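Below is one structure; the comments refer to it alone.
Bear in mind that the values in this text are calculations on the coordinates, not laboratory data. Computed from a predicted structure; not experimentally measured. We place every Cβ from the backbone using ideal geometry, glycine too, and count neighbours over all the protein chains shown.
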Amino acid sequence: MSWDQKNVPHKGWICDFVTDLGTPDGRCAMCGREEIRFVHHMSHEDYPEGLDVGCVCAEKMEDDYVTPRRREQDLRNVAARRKRWLLRKWKISQAGNPYLKTDGFHIVIFKQGDDSWGGKLTEVETGFSVTNKRRYRNADEAKLGAFDGMIFLKNKRSASTAGSTR
Ligand SMILES: [Zn+2]
């Protein structure tokens, strides 16, 4: 295992991002433990290849016993929310399109010329908007696409906020 290899640093790692595999079938590259659902993608200036590891090793590598668990919990919350997302009550705009206001965003989905569905996110505070150019087969898929887009934008925003306070 990598913990025993001389060229692998033990401390000073940074987590770039975490992936939720959805099911526990990942493997920790540091200790070899299997059945990992959340993969922490770790990087180190003295180890350019990086390592994909589980939470327990991420804690040791970062020397931080709070943040790695919180990252996993954030992803768990997102996964649970995504499951409930389609059950929310979407309103209908004057143009006849389903829309939702949440998390500081105005989200609308609409039918496109070729019968596919698209979506648009607008940040209420700034007016910044993103139109999803993908073509979804139905309204539910477009709603889930909008959810993923919203989470992406929220993460980007919180990452830039965290960066500026460093
Ligand atoms: Zn491990």
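Brief remarks follow.
- Gain on full stretching of the segment that runs from VAL124 to ARG157 - 0.36 nm per residue minus C-alpha separation: 10.5 nm
- Full-stretch length increase - TYR47, ILE14 - with 0.36 nm per residue and alpha-carbon distance subtracted: 10.8 nm
- With the convex hull of its Cα atoms as the shape, segment 2-83 has an orientation-averaged projected area of 5.1 nm².
- Cα-Cα separations in the chain greater than 28 Å, expressed as whole percent: 38 percent
- Charge-dipole axis of the chain as Lys and Arg at +1 and Asp and Glu at -1 on Cβ define it, positive-most pick from GLY127, CYS31, ASN7: GLY127
- Inter-part distance, segment 89-121 to segment 45-75, computed on C-alpha centroids, equals 37 Å.
- Backbone HN-Hα couplings from phi across segment 149-155 [Karplus 6.51/-1.76/1.60, Hz, Gly and Pro as x]: x, 5, 4, 4, 5, 5, 5
- Over segment 86-164: Rg over Rh, Cα atoms, Kirkwood Rh: 1.00
- Straight Cα distances below 20 angstrom link LYS154 to the lysines LYS83, LYS101, LYS120, LYS133, LYS143, with same-chain residues fewer than 8 positions distant left out.
- Ignoring aspartates and glutamates fewer than eight residues from LYS6 along the same chain, the ones with Cα atoms less than 19 angstrom from its Cα are GLU45, ASP46, GLU49, ASP52, GLU62, ASP63.
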